[in-house]
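What follows is a short report on a single structure.
Read the figures in this text as sums done on the coordinates, not as results from a lab. This is a predicted model, so every value here is computed, not measured. Every residue, glycine as well, gets a Cβ built from its backbone with ideal geometry; the counts of neighbours run over all protein chains shown.
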Amino acid sequence: MRKSTYIVVGLLLGAILLAFALYRSSAPVIINVRFLGYTNGVTGERFARFGITNQSGATIRRWGHFDREVRKSPSLAYTRSLGSHVLLSPGQAEVVLVPLDAKPAATYQRDWRAVFYWRREDLKTRFDIWADSSSWLKTWLPTWLQRRGVHVHAAPSEWMDQ
């Protein structure tokens with residue numbers, strides 16, 4: 001009896017040690033958001049240009065919206081759509097045009113910043129997006145089991161001082 005207990009405990013300890021040996025923590029994701037300047041569109045509309053660079057070794061999903069924050073009046077922040085989500089591979093960059101046609105940007109040209117949202121692209125992200133948008137799950141699952149949105153990370157630009 002004692003021998004079999006030692007064997008079971010030894011196997012459990014071996015499995016735990018193997019799990020720790022094989023576990024690799026994921027590298028941190030580094031997203032760089034830079035203000036590139038202002039530009040005018042074809043129709044004369046004014047835009048702020050931002051460069052977003054994925055400086056990590058993992059693919060990320062940039063969400064298709066951003067928040068505009070105003071330093072002196074946080075209550076003036078609002079969310080604006082940029083289109084669909086964008087996948088950025090390791091080292092990949094994109095330029096995003098943020099329209100300046102609405103307040104607070106028109107009023108506070110120097111006191112605002114753009115905040116973009118991202119998440120590491122993997123099976124869990126895809127599952128979370130599916131579960132959040134699935135009408136089937138919302139119909140059949142009790143409300144306490146339903147998901148409430150998809151957790152994302154913020155990547156703010158620097159404050160506008162130009």
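One decimal place: the segment H85-D122 gains 11.9 nm when fully extended, by the rule 0.36 nm per residue minus the C-alpha distance.
Distant-in-sequence amide contacts of L36, defined by a placed amide H-H separation under 5 Å and a gap of 5 or more residues or a different chain, comprise R49, F50, G51.
Between A154 and Y38, the C-beta separation translates, for a Förster distance of 25 Å, into a calculated FRET efficiency of about 0.65.
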